[in-house]
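Contents: one structure, followed by commentary.
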Amino acid sequence: MRGSTAMRMRFLFAAAVVVGAALVAAPIIAAGFSLPDDHRTLTRTTSFAEMEAFLHSVEGADGVTLSIEGRSSAGRPLYVVHLTGAGERPWRILLYAQQHGDEVSGKDALLYLVRDIARDPGLLPADVDLWVMPMVNPDGAEANTREGSTGADLNRDHISLEQPETQALHRLARRLRPAVAVDCHEFGRDSESWLQRGWLKWPDITMDSLNNPLFDPAVRGAALRFLGTAADAEARADHPFLRYWVGGVPPDEEQRHSAPDIDGGLNALGMYGGQSYIIEAAAQHAVEGQRDRDLGNRVDAYLVLLRAILQGDGSRAEDLAAIEAARRRPLPAFLPTNYLWVNPDTEVTEFPVIEAATGSVLKVPTANLMTTMAVKRTVPTPRGYAITAPAAPQIRQLLERHGIPFEELAAARTFEAETCTLARVEEEFDELYSRYEGRQIVTRGAAAPVELPAGSLWVALEGEPALRAVLVLEPAQLYGLYQYPTYRALVGADGTLPVLRVVR
């Protein structure tokens, strides 16, 4: 949506008809290892036990294998399905769903995708190696809660990786290094603030691409380009589609695209060099106990996008070359640490909404849709990071979880380094810039010689892991380690941070 007004409208108005209500569903029976034949009849989501039985039923089909990547906090297995075939398959895709346990349609759509390919392996393109993790949060799924059994929001855990579920997802991503990763979610069509205006949110489904400004521009551009293919596919299926957005009610409140920070799956899996996306289908929550009455429609909208992702837009050779080049790309001279969505030219967008009383589609002119990523602050790129000895055990564990190489000092060593100080962590939502809580306000000291004892850690910014090291460790970034209590506990009484920016 950074191009012409015509391109912007292409994303905004992919269709104009809300698909009708889903048909009555047949029950899903775990013992039969089967899903209802027609996904459009779904009005009840698949439970963990039913999913488990279904996955075991397709295991061993042509090109289909099933594995367990880890276990949830409550001990449930985290299943991964691998679908492949003969020949070289360089375009590796990782699809994962239900990080939030009460967001179900992505999981159900992935199960139908697996079923269809298991029945007909010819549905998998000849260059695609497909991996599916249909339920990242089985504990939350069973409890019908957003969070996992420890109370953690898994989609805010991708920096600290404290939860076994996100650790398993990142282990899988590091091993696969997918060309494409897709995070499947839902949003509320009928949120309270919208109903107060008499409106419902218009799209059946939304999608966005990785957007952190430190990522390679060619990879970001290719991912953004695919959103046009996604819009066209949904238009052909009569599903209203928008590029992913969050925020308040137009025209007075701000709307923006997906957050550029690394604590969510969208950009966190982008750290491995490939394209990354988030999809959210529209669920209705206002009527108690009726969450899944339109589940079949949501699953249908999801399957349209998932099939489009499998087929691609004809640019895979060029995109794979860009991904491989990005993984060899050195870090820039300056690191963006504070960035946000803006509307620099005050462009007016006709934002579509549904009038709840009539079902009519209204177009609300707004200049508060922020469509351009702007960098507000940068810092010079250091040679690497040194971690003080008292913090080394905790941060060693973090580095291992992210696959970031490090050296433990066997003897004292002197570094020319900047020591950083945490002034505060802002826990309130920022109304002015539409920033969520957890912002860390850090000051940098002048570079000076610092002697660190044996047992301290040294992380050199070299090779492919350098990008992950910066995004995880850089102390000056607005959203970093110290928004998490585990790492805030490592901060000195005077605010001194345990990670030093080494200049030489």
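Of (i) 34, 27, 24; (ii) 38, 27, 22; (iii) 72, 28, 20, which is the value of semi-axes √(5λ) of the Cα gyration tensor in Å derived from the coordinates here?
(ii)
Across segment 206-220, in residue order, what do the Karplus-derived ³J(HN,Hα) couplings come to in whole Hz, using 6.51 cos²θ - 1.76 cosθ + 1.60 with θ = phi - 60° and x for Gly and Pro?
Karplus-based 3J(HN,Hα) across segment 206-220 equals 10, 8, 9, 10, 4, 8, 5, x, 7, 6, 4, x, 5, 5, 4 Hz.
Could you order the peptides 417-425, 81-89 from most to least packed, using the average number of other C-beta atoms within 10 Å per residue?
In descending order of packing, they fall as 417-425, 81-89.
Give the calculated FRET efficiency between ALA489 and GLU318 to the nearest 0.05, with a Förster radius of 51 Å applied to their Cβ-Cβ distance.
Numbers: r = 47 Å, r/R0 = 0.91.
E(calc), rounded to 0.05, equals 0.65.
Report the full-extension gain for the segment ARG89 to ASN144: residue separation times 0.36 nm, less the Cα-Cα distance, to one decimal in nm.
Gain on extension, ARG89 to ASN144, equals 16.1 nm.
Calculated FRET efficiency, ARG396 and ASP232, Cβ-Cβ r, R0 60 Å, to nearest 0.05? Could the numbers behind the result be given before it?
On the way: r = 48 Å, r/R0 = 0.79.
The formula returns an efficiency of 0.80 here.
Under the Kirkwood approximation for Rh and a Cα-based Rg, what ratio Rg/Rh is obtained for segment 393-504? Each step should come with its number before you reach the end.
Working: Rg = 14.6 Å, Rh = 15.0 Å.
A ratio of 0.98.
Find the centroid of the Cα atoms in segment 117-153 and in segment 44-94, then give the distance between the two in whole Å.
8
Could you go through segment 305-318 in sequence order and give the Karplus-derived ³J(HN,Hα) for each residue, using 6.51 cos²θ - 1.76 cosθ + 1.60 with θ = phi - 60°, rounded to whole Hz, and x for Gly and Pro?
Values per residue, Gly and Pro as x: 6, 4, 5, 5, 5, 5, 7, x, 10, x, 10, 5, 4, 5 Hz.
For the modelled label position 7 Å from the Cα of VAL246 along Cα-to-Cβ, which residues of segment 430-446 have backbone nitrogen atoms closer than 16 Å?
Counting backbone N atoms under 16 Å from the label point, the list is 430-440.
Using θ = phi - 60° and the Karplus relation 6.51 cos²θ - 1.76 cosθ + 1.60, list the HN-Hα couplings for segment 122-129 in order, rounded to whole Hz, with x at every Gly or Pro.
For segment 122-129, the Karplus curve yields x, 6, 8, x, 5, 9, 9, 10 Hz.
With each label point set 7 Å from Cα along the Cα-Cβ vector, what nm distance links GLU427 and ARG328?
The two pseudo-label positions are separated by 4.9 nm.
Taken together, the values in this text are just the output of simple stated rules run on the coordinates, not laboratory data. The model shown is predicted, which means the values in this text are computed figures rather than measured ones. Glycine also receives a Cβ, built like all others from the backbone with ideal geometry; neighbour counts cover every protein chain displayed.
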